[in-house]
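Visitor: Next up is a structure, given as C-alpha coordinates.
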Amino acid sequence: MPGPGGLVIAIDGVIGAGKSTAARGVAIALHYRHLDTGAMYRAVALAATAADVAPSDHEKLSSLLGELQIELTPLDKGRRVLLNGEDVSADIRRPEITRCVGSYADRPVVRQQLVEVQRSMGAEGGIVAEGRDMSTVVFPGADLKIRMLAELEERARRRHEEFVAGGVDITLDQVRTDIRTRDREDEERDYGADGLPLDVVEVRTDGLSIETVIEQIVELARLRGA
Ligand code: DC
(Lines give C-alpha, C1' and ligand atoms only; values in the text may rest on other atoms or scores of the structure.)
Protein backbone atom coordinates (compact mmCIF):
# COMPACT_ATOMS: atom_id res chain seq x y z
CA MET A 1 0.00 0.00 0.00
CA PRO A 2 1.51 3.36 -0.99
CA GLY A 3 2.17 5.74 1.92
CA PRO A 4 0.61 9.24 2.06
CA GLY A 5 3.62 10.69 0.24
CA GLY A 6 3.65 8.11 -2.56
CA LEU A 7 5.33 4.78 -3.21
CA VAL A 8 8.42 3.34 -1.61
CA ILE A 9 10.65 2.26 -4.49
CA ALA A 10 13.60 0.08 -3.51
CA ILE A 11 16.50 -0.19 -5.96
CA ASP A 12 19.22 -2.74 -5.29
CA GLY A 13 21.79 -4.22 -7.58
CA VAL A 14 25.39 -4.89 -8.38
CA ILE A 15 28.20 -2.32 -8.29
CA GLY A 16 28.32 -0.08 -11.33
CA ALA A 17 24.93 -1.09 -12.73
CA GLY A 18 23.85 2.56 -12.59
CA LYS A 19 21.74 2.43 -9.41
CA SER A 20 22.53 5.98 -8.29
CA THR A 21 21.86 7.61 -11.64
CA ALA A 22 18.70 5.59 -12.12
CA ALA A 23 17.42 6.27 -8.59
CA ARG A 24 18.05 9.99 -9.00
CA GLY A 25 16.35 10.06 -12.42
CA VAL A 26 13.31 8.16 -11.15
CA ALA A 27 13.06 10.46 -8.10
CA ILE A 28 13.17 13.54 -10.34
CA ALA A 29 10.57 12.13 -12.75
CA LEU A 30 8.14 11.27 -9.94
CA HIS A 31 8.96 14.24 -7.67
CA TYR A 32 10.03 11.78 -4.97
CA ARG A 33 12.95 11.96 -2.55
CA HIS A 34 16.16 10.10 -3.34
CA LEU A 35 17.73 8.08 -0.54
CA ASP A 36 21.33 7.23 -1.37
CA THR A 37 22.15 4.77 1.41
CA GLY A 38 25.70 4.15 0.14
CA ALA A 39 26.40 7.83 0.87
CA MET A 40 25.34 7.23 4.47
CA TYR A 41 27.76 4.31 4.88
CA ARG A 42 30.44 6.46 3.31
CA ALA A 43 29.73 9.29 5.76
CA VAL A 44 30.17 6.87 8.69
CA ALA A 45 33.49 5.65 7.25
CA LEU A 46 34.65 9.24 6.79
CA ALA A 47 33.74 10.22 10.35
CA ALA A 48 35.33 7.08 11.78
CA THR A 49 38.61 7.42 9.90
CA ALA A 50 38.80 11.13 10.78
CA ALA A 51 38.37 10.20 14.47
CA ASP A 52 40.79 7.28 14.15
CA VAL A 53 38.17 4.71 15.11
CA ALA A 54 38.87 1.26 13.66
CA PRO A 55 35.95 -0.88 12.37
CA SER A 56 36.81 -3.49 15.02
CA ASP A 57 36.55 -1.04 17.92
CA HIS A 58 32.93 -1.72 18.78
CA GLU A 59 32.71 0.61 21.75
CA LYS A 60 34.24 3.66 20.13
CA LEU A 61 32.29 3.01 16.96
CA SER A 62 28.98 2.86 18.85
CA SER A 63 29.66 6.07 20.70
CA LEU A 64 30.76 7.78 17.48
CA LEU A 65 27.53 6.65 15.80
CA GLY A 66 25.56 8.17 18.67
CA GLU A 67 27.06 11.57 17.88
CA LEU A 68 26.65 11.47 14.11
CA GLN A 69 24.01 13.34 12.25
CA ILE A 70 23.84 12.46 8.58
CA GLU A 71 21.60 14.53 6.35
CA LEU A 72 20.88 14.13 2.66
CA THR A 73 19.65 17.42 1.25
CA PRO A 74 16.79 17.24 -1.29
CA LEU A 75 17.52 17.01 -5.01
CA ASP A 76 16.47 20.61 -5.63
CA LYS A 77 18.92 21.75 -2.94
CA GLY A 78 21.86 20.15 -4.69
CA ARG A 79 21.75 16.65 -3.18
CA ARG A 80 24.50 17.31 -0.65
CA VAL A 81 25.59 14.95 2.09
CA LEU A 82 25.97 16.74 5.42
CA LEU A 83 27.84 15.22 8.32
CA ASN A 84 27.02 17.09 11.54
CA GLY A 85 26.12 20.05 9.35
CA GLU A 86 29.29 20.00 7.24
CA ASP A 87 29.13 19.34 3.50
CA VAL A 88 31.14 16.14 2.90
CA SER A 89 29.70 15.28 -0.54
CA ALA A 90 33.11 15.25 -2.21
CA ASP A 91 35.10 13.76 0.69
CA ILE A 92 32.96 10.64 0.94
CA ARG A 93 33.85 9.76 -2.69
CA ARG A 94 37.59 9.83 -2.10
CA PRO A 95 39.34 6.57 -3.11
CA GLU A 96 40.56 5.86 0.45
CA ILE A 97 36.97 6.05 1.70
CA THR A 98 35.81 3.79 -1.14
CA ARG A 99 38.48 1.31 -0.06
CA CYS A 100 37.62 1.25 3.66
CA VAL A 101 33.85 1.81 3.68
CA GLY A 102 33.15 -1.91 3.27
CA SER A 103 34.82 -2.76 6.59
CA TYR A 104 32.59 -0.27 8.41
CA ALA A 105 29.48 -1.36 6.48
CA ASP A 106 30.24 -4.91 7.68
CA ARG A 107 29.76 -3.99 11.35
CA PRO A 108 26.30 -4.92 12.70
CA VAL A 109 26.25 -1.83 14.94
CA VAL A 110 26.64 0.40 11.88
CA ARG A 111 24.02 -1.46 9.87
CA GLN A 112 21.47 -1.47 12.71
CA GLN A 113 21.73 2.26 13.20
CA LEU A 114 21.63 3.19 9.53
CA VAL A 115 18.80 0.79 8.73
CA GLU A 116 16.72 2.39 11.46
CA VAL A 117 17.37 5.91 10.16
CA GLN A 118 16.63 4.79 6.58
CA ARG A 119 13.31 3.23 7.61
CA SER A 120 12.23 6.41 9.33
CA MET A 121 13.18 8.40 6.22
CA GLY A 122 10.95 6.16 4.12
CA ALA A 123 8.02 5.97 6.51
CA GLU A 124 5.90 8.51 4.63
CA GLY A 125 6.54 7.01 1.19
CA GLY A 126 7.40 9.10 -1.87
CA ILE A 127 10.96 7.85 -1.85
CA VAL A 128 13.41 6.08 -4.14
CA ALA A 129 15.82 4.22 -1.88
CA GLU A 130 18.97 2.84 -3.38
CA GLY A 131 21.53 0.43 -1.93
CA ARG A 132 22.29 -3.26 -1.47
CA ASP A 133 19.68 -4.30 1.07
CA MET A 134 16.74 -2.05 0.27
CA SER A 135 14.20 -4.68 -0.73
CA THR A 136 15.55 -7.46 1.47
CA VAL A 137 16.15 -5.72 4.81
CA VAL A 138 15.27 -2.04 4.92
CA PHE A 139 12.00 -1.94 2.97
CA PRO A 140 10.80 -5.52 2.53
CA GLY A 141 7.30 -4.10 2.09
CA ALA A 142 8.35 -1.65 -0.67
CA ASP A 143 5.72 -1.02 -3.34
CA LEU A 144 8.24 -1.58 -6.12
CA LYS A 145 11.44 -3.59 -5.79
CA ILE A 146 14.04 -3.36 -8.52
CA ARG A 147 17.29 -5.24 -8.89
CA MET A 148 19.64 -3.69 -11.45
CA LEU A 149 22.07 -6.02 -13.18
CA ALA A 150 24.77 -5.71 -15.85
CA GLU A 151 27.70 -7.83 -17.00
CA LEU A 152 31.08 -7.09 -15.43
CA GLU A 153 32.59 -5.96 -18.74
CA GLU A 154 29.89 -3.39 -19.37
CA ARG A 155 30.06 -2.06 -15.80
CA ALA A 156 33.85 -1.75 -16.02
CA ARG A 157 33.65 0.04 -19.34
CA ARG A 158 31.05 2.54 -18.07
CA ARG A 159 32.96 3.25 -14.84
CA HIS A 160 36.18 3.66 -16.80
CA GLU A 161 34.54 6.17 -19.14
CA GLU A 162 33.33 8.14 -16.10
CA PHE A 163 36.83 8.19 -14.63
CA VAL A 164 38.38 9.30 -17.91
CA ALA A 165 35.74 12.02 -18.32
CA GLY A 166 36.57 13.19 -14.77
CA GLY A 167 40.28 13.35 -15.61
CA VAL A 168 41.24 10.30 -13.50
CA ASP A 169 44.20 8.34 -14.85
CA ILE A 170 43.23 4.67 -14.49
CA THR A 171 43.24 1.69 -16.85
CA LEU A 172 40.22 -0.39 -17.79
CA ASP A 173 42.01 -3.40 -16.25
CA GLN A 174 42.32 -1.62 -12.89
CA VAL A 175 38.67 -0.64 -12.93
CA ARG A 176 37.61 -4.21 -13.80
CA THR A 177 39.76 -5.68 -11.01
CA ASP A 178 38.38 -3.18 -8.51
CA ILE A 179 34.77 -3.96 -9.42
CA ARG A 180 35.47 -7.71 -9.23
CA THR A 181 36.94 -7.30 -5.72
CA ARG A 182 33.99 -5.21 -4.56
CA ASP A 183 31.55 -7.72 -6.11
CA ARG A 184 33.21 -10.43 -4.03
CA GLU A 185 33.00 -8.30 -0.87
CA ASP A 186 29.34 -7.68 -1.58
CA GLU A 187 28.66 -11.39 -2.04
CA GLU A 188 30.40 -12.19 1.22
CA ARG A 189 28.77 -9.44 3.29
CA ASP A 190 25.91 -10.50 5.50
CA TYR A 191 23.15 -8.00 4.81
CA GLY A 192 20.92 -9.79 7.28
CA ALA A 193 18.49 -11.49 4.90
CA ASP A 194 18.39 -14.79 3.06
CA GLY A 195 17.57 -14.69 -0.60
CA LEU A 196 15.59 -12.19 -2.60
CA PRO A 197 11.91 -11.39 -2.16
CA LEU A 198 9.76 -13.04 -4.83
CA ASP A 199 8.39 -9.77 -6.15
CA VAL A 200 11.73 -8.25 -7.18
CA VAL A 201 11.81 -7.07 -10.79
CA GLU A 202 15.20 -7.65 -12.40
CA VAL A 203 16.28 -4.91 -14.80
CA ARG A 204 19.18 -5.91 -17.06
CA THR A 205 20.89 -2.73 -18.15
CA ASP A 206 23.42 -4.14 -20.65
CA GLY A 207 23.20 -2.19 -23.87
CA LEU A 208 20.50 0.14 -22.51
CA SER A 209 20.93 3.87 -22.03
CA ILE A 210 20.33 5.13 -18.51
CA GLU A 211 17.36 7.14 -19.82
CA THR A 212 15.73 3.92 -21.04
CA VAL A 213 16.33 2.26 -17.68
CA ILE A 214 14.79 5.25 -15.87
CA GLU A 215 11.76 5.16 -18.21
CA GLN A 216 11.28 1.43 -17.53
CA ILE A 217 11.33 1.92 -13.77
CA VAL A 218 9.04 4.97 -13.93
CA GLU A 219 6.61 2.94 -16.06
CA LEU A 220 6.60 0.14 -13.46
CA ALA A 221 6.03 2.74 -10.73
CA ARG A 222 3.09 4.25 -12.67
CA LEU A 223 1.53 0.79 -12.96
CA ARG A 224 1.69 0.61 -9.17
CA GLY A 225 -0.04 3.93 -8.70
CA ALA A 226 2.75 6.53 -8.71
O1 DC B 1 27.01 2.35 -3.43
P2 DC B 1 28.29 2.90 -2.78
O3 DC B 1 29.56 2.53 -3.50
O4 DC B 1 28.22 4.36 -2.49
O5 DC B 1 28.34 2.14 -1.35
C6 DC B 1 29.35 2.40 -0.42
C7 DC B 1 29.57 1.19 0.47
O8 DC B 1 28.49 0.97 1.35
C9 DC B 1 29.83 -0.14 -0.23
O10 DC B 1 30.88 -0.80 0.46
C11 DC B 1 28.55 -0.91 -0.04
C12 DC B 1 28.01 -0.36 1.24
N13 DC B 1 26.56 -0.31 1.28
C14 DC B 1 25.91 -1.17 2.13
O15 DC B 1 26.55 -1.99 2.78
N16 DC B 1 24.55 -1.12 2.22
C17 DC B 1 23.85 -0.23 1.50
N18 DC B 1 22.53 -0.18 1.62
C19 DC B 1 24.51 0.67 0.63
C20 DC B 1 25.88 0.60 0.53
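Visitor: Quick one: how many Å² of residue 88 are accessible to a 1.4 Å probe, rounded to 10?
Guide: 0
Visitor: OK, next. Multiply the residue separation of residue 80 and residue 199 by 0.36 nm, subtract the distance between their alpha-carbon atoms, and state the gained length in nm to one decimal.
Guide: Gain on extension, residue 80 to residue 199, equals 39.6 nm.
Visitor: Translational diffusion coefficient, Stokes-Einstein: compute it for the chain using the Kirkwood radius over C-alpha pairs as Rh, at 10 °C and 1.306 mPa s, and state it as an integer in µm² s⁻¹.
Guide: Translational D for this selection: 88 µm²/s.
Visitor: Gain in length, residue 103 to residue 208, computed as 0.36 nm per residue apart minus the alpha-carbon separation, to one decimal in nm?
Guide: In short, 34.5 nm is gained.
Visitor: Please work out the C-alpha center-to-center distance from the stretch 50-119 to the stretch 204-226 and express it in whole Å.
Guide: Between the Cα centre of the stretch 50-119 and that of the stretch 204-226, the gap is 30 Å.
Visitor: Here's another thing I want to ask about it. Pull up all non-local amide H partners of residue 35: gap of 5 or more, or a different chain, and H-to-H distance under 5 Å with H placed in the peptide plane.
Guide: 128, 129, 130
Visitor: Further question on the same structure: R0 = 41 Å: FRET efficiency of residue 31 with residue 164, Cβ-based, nearest 0.05?
Guide: The formula returns an efficiency of 0.75 here.
Visitor: Can you tell me the relative contact order of the stretch 1-114? Whole percent, Cα pairs under 8 Å, sequence separation 6 or more.
Guide: Across the stretch 1-114, relative contact order equals 23 percent.
Visitor: OK, next. Where nothing but the Cβ of Lys and Arg (+1) and of Asp and Glu (-1) is charged, how large is the charge dipole of the stretch 27-166 around its Cα centre, in debye to the nearest 20?
Guide: It comes to approximately 280 debye.
Visitor: Considering only protein heavy atoms, what is the solvent-accessible area of residue 70 at a probe of 1.4 Å, reported in Å² to the nearest 10?
Guide: 30
Visitor: What relative contact order, as a whole-number percentage, does the chain give when Cα pairs under 8 Å and 6 or more residues apart are counted?
Guide: So the answer I get is 35 percent.
Visitor: Report the GluC sites (Glu not before Pro) located in the stretch 146-226 that are in a DSSP loop and have at most 14 other Cβ atoms inside 10 Å of their Cβ, or state none.
Guide: 151
Visitor: Leaving ligands, DNA and RNA out of it, rank 121, 134 by accessible area with a 1.4 Å probe, largest first.
Guide: My answer, sorted largest first, is 121, 134.
Visitor: Can you give the alpha-carbon Rg of the stretch 50-158 over 2.2 N^0.38 Å, where N counts its residues?
Guide: Cα Rg divided by the expected 2.2 N^0.38 Å: 1.20.
Visitor: Compute the length gained on full extension between residue 173 and residue 20: take 0.36 nm times their separation in residues and subtract their Cα-Cα distance, giving the result in nm to one decimal.
Guide: 52.8 nm
Visitor: Please list, in order along the stretch 189-202, the HN-Hα scalar couplings obtained from phi with the Karplus expression 6.51 cos²θ - 1.76 cosθ + 1.60 (θ = phi - 60°), rounded to whole Hz, x for Gly and Pro.
Guide: For the stretch 189-202, the Karplus-derived couplings read 5, 8, 7, x, 8, 9, x, 9, x, 6, 9, 6, 9, 7 Hz, x marking Gly and Pro.
Visitor: Suppose each label sits 7 Å from its Cα in the direction of the beta carbon; what would the residue 215-residue 151 distance come out to in nanometres?
Guide: Once both label points are built, they end up 2.3 nm from each other.
Visitor: Could you check what % of the DSSP bridge pairs in the chain are antiparallel, to the nearest 5?
Guide: 25
The values are calculated or read from the model by the stated rules, or taken from the named source; none is laboratory data. Quantities reported herein were computed from a predicted structural model and do not represent experimental measurements. We place every Cβ from the backbone using ideal geometry, glycine too, and count neighbours over all the protein chains shown. All accessible areas refer to the heavy atoms of the entire protein, side chains included, with ligands and DNA or RNA removed. Shrake-Rupley method; radii C 1.70, N 1.55, O 1.52, S 1.80 Å.
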